[in-house]
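Have a look at the structure below, then the notes.
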Amino acid sequence: MLDKITPENGRRKRATLRDIAALAGVGTATVERALNNRGNVRPDTCRRILGIARDLDYFPTLPSLHQGVLRVDVLLVRPDTLFYSRLSQSFEKLAASLGKDIQIHRSFVPESDVEAFAARIQQAPYPRSALILACPSHPVILDALKRVADQDMPVIQLMSRNLASLPYVGIDNRAAGRTAALCMTRGLRQRPGSVIALCHSMAYANHRERIEGFSEYLANAPSPHPELSEVLFDRDDPEEAARLLHQAIRDRPDLVGVYTAGGDNLRIGDVLRRHAARRLCWIGHEVNPITRGCLIDGTMDFAIDQTPETQAGLALHLCLQKLGIIPSLIGFDPPKFRLVTSENLD
């Protein structure tokens, strides 16, 4: 075990990335990626690095200006969806890697009660030092965000960029929509026809931007190309998404593709298998056990995964940076989405 007592003063010496790397048998770049949740580190290696970092007390303790426990408030929606469940688990793992002076509190807030959502933003049931959240872009909710930010509390937007004045950690959703449209045109190989898009609603900025990017690309793509005929709203209800898709397939004999821009993928594969003779091209978001199976059997052509683990890590790091707990990130890169096919599944 590394000796952290300096002979000069007998005090503990703060462990460094190099110390952790030496004990873990990896390079410092790998340690930096693991500790900052940047990805591209094998899970077993990441666990070994985090364990060594905890043993060496590497994770920051609070400076004297923060007395007691520093609490980071994380507000999420729709715990029944696979994506938000995955995001919540990412924060849970991060919380386990921190020292006792920093705690992450995760809460799921009903998106349908706008007033209650706004009230929860403005008042937590415990003293908090920072707020990370994913929320609808309703005016009442955005006003509450502004009020909290005006109190000099760090507020980090996750998933959706609702206010340009506040930090945002998430993918470029417009680029994701354009990428989905590019994949659609390539997947259909100049096959003419109409396509539909499904998403929760226009209540979330990320969904709006994805649909806008998808529509813009198709509108300007070289002919012949498929045309976006309709956007259907399912509020991320799997049963409603399945019903809408089934009805669209029956009503549109020229339908050649479907783009699912939200987290409504649980039943899409079932519907498409029932209509396998139509050979519809499906582009959707997120890799989970359901979409993984659909990619493997060819029901889904491409999945755009936004790596919520990376988003959670960067959001927490940015919070601690703004609180002065850790130094500023050098060369901060926004999270990137991954284009996943049956050939590059993890």
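Each Cα pair under 8 Å and six or more residues apart adds its separation to the average, and for the stretch 118-247 the resulting relative contact order is 22 percent.
The convex hull drawn around the Cα atoms of the stretch 191-271, when projected onto a plane and averaged over every direction, covers 5.0 nm².
The distance from the alpha carbon centre of the stretch 183-252 to that of the stretch 257-294 is 12 Å, rounded to a whole number. Provide the percentage of antiparallel DSSP beta bridges, counting only those with both residues in the chain; round to the nearest 5. Roughly 10 percent of the beta bridges in the chain run antiparallel, per DSSP.
Placing unit charges on the Cβ atoms of the charged side chains and taking the dipole of the stretch 77-158 about its Cα centre, the candidate lying farthest along the positive direction among 125, 107, 95 is 95. Send over a whole-number figure in Å² for the accessible area per residue of the chain, probe 1.4 Å. I get 48 Å² per residue for this part.
What is the chain's relative contact order, in percent, from Cα pairs under 8 angstrom and six or more apart in sequence? Don't skip to the answer; put the middle values down first.
On the way: 598 pairs, mean separation 51.8, N = 346.
About 15 percent, as a whole number.
Nonpolar atom fraction for the chain, defined as the carbon and sulfur part of the 1.4 Å probe accessible area, stands at 50 percent. Packing around the peptides 311-318, 190-197, taken as the average count of other Cβ atoms within 10 Å per residue, puts them in this order, highest first: 311-318, 190-197.
Summing Cβ point charges (Lys, Arg +1; Asp, Glu -1) relative to the Cα centre of the stretch 206-346 gives a dipole of roughly 120 debye. Here's how it looks for residue 160: its modeled amide H is under 5 Å from those of 135, which are all 5 or more places away or on a different chain. In the elastic network of the chain, a GNM with C-alpha springs shorter than 10 Å, the most mobile of 326, 171, 268 is 326. Using Cβ point charges alone (K and R +1, D and E -1), the dipole size of the chain about the Cα centre works out to roughly 780 debye.
Mean residue ellipticity at 222 nm, helices only, the chain: -12500 deg cm²/dmol; runs of at least 4 DSSP H residues each add -39,500 (n - 2.57), and the sum is divided by the number of residues. From the residues 30, 302, 166, which one has its Cα farthest along the dipole of the chain in the positive direction, the dipole being from +1 and -1 charges on Cβ of Lys/Arg and Asp/Glu about the Cα centre? Of 30, 302, 166, it is 30.
Summary value for the stretch 174-314: 26 percent relative contact order, contacts being C-alpha pairs under 8 angstrom separated by 6+ residues. Once both labels are positioned 7 Å from their Cα atoms along Cα-to-Cβ, the gap between residue 126 and residue 28 label points is 3.5 nm.
The values are calculated or read from the model by the stated rules, or taken from the named source; none is laboratory data. Fair warning: this is a prediction, and the values are worked out from it, not measured in the lab. FYI the Cβ positions are ideal-geometry reconstructions off the backbone, even for glycines, and counts take in every protein chain you see. The accessibility values were calculated without ligands, DNA or RNA, using every heavy atom of the protein model including side chains. Shrake-Rupley method; radii C 1.70, N 1.55, O 1.52, S 1.80 Å.
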